[in-house]
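> Have a look at the structure that comes next, please.
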There are 2 protein chains.
Amino acid sequence: MSPTPHVGQTLGEFVAASHWAGISPALRHEGRRSILNHIGCALGVARDPAVTTALKVMRVTAGPATSTVFGQGVKLDAMSAAFVNCIAGNLLDYDDTHLQTVIHPTAPVAPAALALAEQRGLSGAQVLHAFLLGAEVECRIGNAVSPGHYARGWHITSTCGGFGSAVATARLLGLDAAQTWHAIGIAASQSAGLVENLPSAAKNVGMGNAARNGMLAAFLAEQGYQAAPAALEGPLGWARAMGDTPNLAAITEGLGSRWEIARNTYKPYPAGIVFHAVIDACLALRERLGVPPEAIASVDVAGDQLLLDRGDRVVRTERDARVSIHHSAALGFVRGRAGVAEFELPAVADPALAAFRAKVTARLDAGLPRGAATVTARLADGRVASLTVTAPIGSSDNPMSDAALEAKFLDNAGLGGFTDRAPAMLQAIRGLEQASDLSGLMSLLA
Amino acid sequence: MSPTPHVGQTLGEFVAASHWAGISPALRHEGRRSILNHIGCALGVARDPAVTTALKVMRVTAGPATSTVFGQGVKLDAMSAAFVNCIAGNLLDYDDTHLQTVIHPTAPVAPAALALAEQRGLSGAQVLHAFLLGAEVECRIGNAVSPGHYARGWHITSTCGGFGSAVATARLLGLDAAQTWHAIGIAASQSAGLVENLPSAAKNVGMGNAARNGMLAAFLAEQGYQAAPAALEGPLGWARAMGDTPNLAAITEGLGSRWEIARNTYKPYPAGIVFHAVIDACLALRERLGVPPEAIASVDVAGDQLLLDRGDRVVRTERDARVSIHHSAALGFVRGRAGVAEFELPAVADPALAAFRAKVTARLDAGLPRGAATVTARLADGRVASLTVTAPIGSSDNPMSDAALEAKFLDNAGLGGFTDRAPAMLQAIRGLEQASDLSGLMSLLA
């Protein structure tokens, strides 16, 4: 009787043995959607000081210029490029979400795969495959420690992202099962990132390191570095240190038959995910009522405790706006849209939005499910209109369509100043699976 | 009334306000001893595959060659050089120990300071000053979470080493108090390293990252990156996530008047610190008895529970040998020395040592203090000799002399193949405080 395999061993075998032919068209499609959404989010913030500062610092110590930093006209070595691209992709938390763990799966994984594939002339299908495997391992390890991990202070996208980057890199390097197992174990000794730091630029460092250090884990494993066999599940290993009472079985159960990354979701609005139902409802009511904001006397927003905990607050900063019930409602009724610009300082300070925010009240409706909201608008003329949204656009039950995701990409690319090249970029990402290398896409992203 | 300052804020003010003139001669001397010991340990393993593999991997992505990798004839960018030098310095755990936390203070901090100072032409006194400040913060943060942190699975030298590297780098960059505070907070989001991985090369990655990522924290803070004010002590911050019930006051109490790094200790033998009393006792008994090993019929070693837990085991590998009561005793009586070579495979397999190990028995003496041992040798002719060592050489109460530390340095340098240059290196490190830059020392270390 063979002993129970180590967790990392099972993962390593899965990753090394995976065949592209065994990846379903639906899963490949979700991988492409994830990468499209990621690159768009990164392009949208290409001029943000958080991104340009990270680039400035990495340039000083970066090695051979092999890998494109999206939208910067600069190449860096693969690890340094992945660091900056990961930061950009996740900067506004406008990227994707694996809802069970609240991991943003793509930002730490796709930049590693893209940077290495560009350096080595690997194909688009190889990138998609490596991305899917990396993101799958990332989300599954996250499942094992959620939700206690985050509640304890661990920024789960940063801490688990390194596993995803290590796996994607290992796959592209062609590591065998044992080397991939060691790469995962080495990634465990690099896992870091704190929730306390999320409102600060230190968040970006945890993110960028997930991509950068995950790659390092695979590079070292390729050259013979090993990790402890039970780096994940051992008594002094990752899951106990960071997960208190981990559910280790969740990492490997149904591996290869049920894909966590197939459940990836995308945000139509750069706001906290619990506010999306509020925005959807207000946009729909605005359309239905067809009146200017002055005609609305008051708006009542009802939701569950999480919505109230997160969002019933005064709005002073961009960050406040992204987690505000009042701002979300005002955007729906006043602007009729909720894109990136609607959460930036000019919008925060817009007197029309401020005046509308003052008309909004929030209250608990314990009967509503998580993520749902009921919005009731009372007009000055006495009419009342109400709408409940339980599955906002972008949720698992109401995913963003390909058309909506592509529109989001074009919107983001425009924000970053890439309107001219955006349609060609879109075309290149649509054709990623057929691309024999990344040179076409990367020349557009340069 | 001003509010209680944040922990990182107090540390940042302390570091930024520190004056070299306020650092006592004794403390400067301890800093020099720490760096001497570190460089010697790193040189001793310069040909070890763990070190040359790390170098090989870093060379691929390293940037401008500004900073020396000790004994390799290679320069890398400052972060990459610090990564490799940190790994080398700590590889055998033959380096220094802050006994209260079991942190090896110098390996993550000195490489960062030396690499940056070499790049920027900074003086030896600046390096010493930055090192002392970084190591002090590292040990103090470690005090706040010990011993639960290590018991939970955190390799404390890796996790706290990043703070030390960040502080030393911040000081050399001339960051102000607020920037230094942010650098410490950014380091918190990079803190990683697992005890489970200690018997593997993954340990080295946690170590190297402490040096490398700590530098990155300071570089980013210099360019305006900020961290959460309470990154260390906040409810979702470092100390709670990694320390369960931290003693935060330990970080700042007596800051600047009582120096933790002044209590640094150095190992005369590359074995677990609890075995040092056994080795000392056996060496002394060998000298006292003046008989060949064949004349000794049996050896009884008594110690506390920790000694037995760690060291009562069969010896098959180098790692076993470093934590073996039996091997320690055999070295004392058979070889009369316990240097690096005495724990390597030829010694492990030496029939004379194996035969002597079989004569050794270990037993509990609960009355002995931690770190002590009583060794009783019974000779074939019936004589019995016994010795109790409570303060082995290298412990706080019996520190290694300067002469012994310099002999250890020369021994290590010889092991690495640097016998010819070793005396000049020693001279350069003796004169570190007077050196206007590091060019002389680094040309010897190249």
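> Averaged over peptide B:206-219, how many Cβ atoms belonging to another chain are found within 10 Å of each residue's Cβ? Walk me through the numbers before you get to the answer.
On the way: counts 5, 1, 3, 6, 0, 0, 3, 6, 0, 1, 9, 2, 0, 5.
Mean shielding count: 3.
> For segment B:347-368 and segment B:106-131, compute the distance between their C-alpha centroids and round to whole Å.
Cα centroid of segment B:347-368 versus Cα centroid of segment B:106-131: 42 Å apart.
> Then there's this: Tally Lys/Arg at +1 and Asp/Glu at -1 over every other residue whose Cβ is under 9 Å from the Cβ of A:ASP300; what's the total?
Numbers: positive: A:ARG363, A:ARG378; negative: none.
Net local charge, A:ASP300 excluded: +2.
> What angle, in degrees between 0 and 90 and rounded to the nearest 10, separates the Cα long axis of helix A:276-289 from the longest principal axis of the Cα atoms of chain A?
40 degrees
> Ok, one more. I'd like the trypsin sites (Lys or Arg not before Pro) in segment A:357-387 restricted to DSSP loop residues with at most 15 other Cβ atoms within 10 Å, sorted by number.
A:ARG370, A:ARG383
> Quick one: order B:ASP420, B:ASP320 by neighbouring beta-carbon count within 10 Å, fewest to most. Provide the component values of the computation, followed by the final result.
Working: B:ASP420 9, B:ASP320 16.
The fewest-first ordering by Cβ neighbours comes to B:ASP420, B:ASP320.
> On to the next question. Can you compute log10 of I(q)/I(0) for chain A with the Debye formula, treating each Cα as one identical point scatterer, at q = 0.12, 0.13 Å⁻¹?
Scattering profile of chain A, log10 relative to I(0): -0.96, -1.10.
> Mind giving me the nanometre distance, one decimal, between the label points for B:GLU253 and B:HIS29, set 7 Å out from Cα along Cα→Cβ?
2.8 nm
> With angles folded into 0 to 90 degrees, how steeply does helix A:78-90 sit against the dominant principal axis of chain A? Use alpha carbons for both and round to 10.
With both axes taken from Cα atoms, the answer is about 20 degrees.
> Something else about it: Taking chain B as the reference, fit the longest principal axis to its C-alpha atoms, fit the long axis of helix B:156-173 to the helix C-alpha atoms, and give the angle between the two in degrees, 0 to 90, nearest 10.
It works out to around 40 degrees.
> Find the relative contact order for chain A and round it to a whole percent, using C-alpha pairs within less than 8 Å whose residues are 6+ positions apart. Let's see the in-between values first.
Values: 933 pairs, mean separation 91.2, N = 446.
Once divided by the residue count of chain A, the mean separation gives 20 percent.
> Once you have the Kirkwood Rh of the protein assembly as shown from its Cα pairs, apply Stokes-Einstein at 20 °C and 1.002 mPa s and quote D in µm²/s.
Approximately 75 µm²/s, per Stokes-Einstein.
> Jot down the per residue volume, in cubic angstrom and as a whole number, of the convex hull over the alpha-carbon atoms of segment B:205-317.
Numbers: hull volume 25.3 nm³, N = 113.
Hull volume normalised by residue count: 224 Å³.
> Then there is this: Please tell me the relative contact order of segment B:273-389 in percent, rounded to the nearest whole number, where contacts are Cα pairs under 8 Å and at least six residues apart.
Value for segment B:273-389: 43 percent.
> Then there is this: Considering every pair of different Cα atoms, what Kirkwood radius, in Å, is found for segment B:95-212?
Working: mean 1/r = 0.0717 Å⁻¹.
Final number for the Kirkwood radius of segment B:95-212 is 14.0 Å.
> Report the calculated FRET efficiency for A:THR390 and A:ASP244 (r = Cβ-Cβ distance, R0 = 25 Å), to the nearest 0.05.
About 0.20, to the nearest 0.05.
> Under 5 Å between amide H atoms, partner at least 5 residues away or on a different chain: which partners does B:ILE103 have, H built in plane at 1.01 Å?
B:HIS98
> Can I ask one more? Considering the alpha-carbon set of segment B:273-389 alone, what are its Rg and its Dmax in angstrom?
For segment B:273-389, the Cα radius of gyration and maximum Cα-Cα distance read 12.7, 36 Å.
> Could I ask something else about it? Going by how many other Cβ atoms sit within 10 Å of their own, how do B:ILE87, B:ILE279 line up, fewest first?
So the residues, fewest neighbours to most, are B:ILE279, B:ILE87.
> Based on the mean of other Cβ atoms within 10 Å per residue, sort peptides A:341-348, B:173-180 so the most packed one is first.
On the way: A:341-348: 17.8, B:173-180: 19.5.
Highest-to-lowest ranking by the protection proxy: B:173-180, A:341-348.
> Distance cut-off 25 Å, Cα to Cα: go down the list A:LYS56/A:LYS203; B:LYS203/B:LYS267; B:LYS56/B:LYS203; A:LYS56/B:LYS75; A:LYS203/A:LYS359 and report the pairs above it.
Pairs exceeding 25 Å: A:LYS203/A:LYS359.
> Over the residues of segment B:403-442, compute the C-alpha Rg and express it relative to 2.2 N^0.38 Å.
Here the Cα radius of gyration is 1.18 times the empirical estimate.
> Additional query: Could you tally the net charge around B:GLY185, taking each other residue with its Cβ under 13 Å from the Cβ of B:GLY185, Lys/Arg +1 and Asp/Glu -1?
Charge balance near B:GLY185 sits at -1.
> What fraction of the Cα pairs in segment B:1-71, stated in percent, has a spacing above 17 angstrom?
68 percent
> For an R0 of 35 angstrom, estimate the FRET efficiency from the Cβ-Cβ distance between A:ALA446 and A:LEU379 and round to the nearest 0.05.
0.10
> Another question about this same structure. Which loop-located trypsin sites (Lys or Arg not before Pro) does segment B:18-110 contain, where loop means any DSSP state but H, G, I, E or B and the Cβ has at most 14 other Cβ atoms within 10 Å?
Passing sites in segment B:18-110 are B:ARG47.
> Run the label-point distances for A:GLN305 please: 7 Å along Cα to Cβ, every other copy, nanometres, shortest first.
So the label point of A:GLN305 gives 4.2 nm to the other copies.
> Loop only per DSSP, at most 12 neighbouring Cβ atoms within 10 Å: give me the trypsin sites (Lys or Arg not before Pro) in segment A:161-214, ordered by residue number.
Those that pass, being in a loop and sparsely packed, number zero.
> Can I ask one more? Tell me what the protein assembly as shown gives for mean residue ellipticity at 222 nm when only DSSP H runs of n ≥ 4 count, each as -39,500 (n - 2.57), the sum divided by the residue total, rounded to 500 deg cm²/dmol.
So the helix-based figure for the protein assembly as shown works out to -16000 deg cm²/dmol.
> For B:ILE251, what charge total do you get from the other residues with a beta carbon under 15 Å from its beta carbon, if Lys and Arg give +1 and Asp and Glu give -1?
Value of the local net charge: -3.
> What distance in nm separates the simple spin-label points at A:ASP402 and A:ARG47, each placed 7 Å from Cα in the Cβ direction?
Result: 3.2 nm between the two label points.
> Taking the Cα centroid of segment A:24-89 and of segment A:406-446, what is the distance between the two, rounded to the nearest whole Å?
Distance between centres, Cα-based: 13 Å.
> Size of the dipole of segment A:273-389 about the Cα centre, Lys and Arg at +1 and Asp and Glu at -1 on the beta carbon, nothing else charged, in debye to 20?
40 debye
> A further question on this structure: Taking the Cα atoms of segment B:58-105, what is the range of coordinates along each of the three principal axes, in descending order and whole Å?
Rounded to whole Å, the extents work out to 39, 17, 15 Å.
Where a number appears in this text, it was derived from the coordinates with a stated rule and is not lab data. Quick caveat: nothing in here was measured; it's all calculated off a predicted structure. Here Cβ is always computed from backbone atoms with ideal geometry, including for glycine, and neighbour counts include all displayed protein chains.
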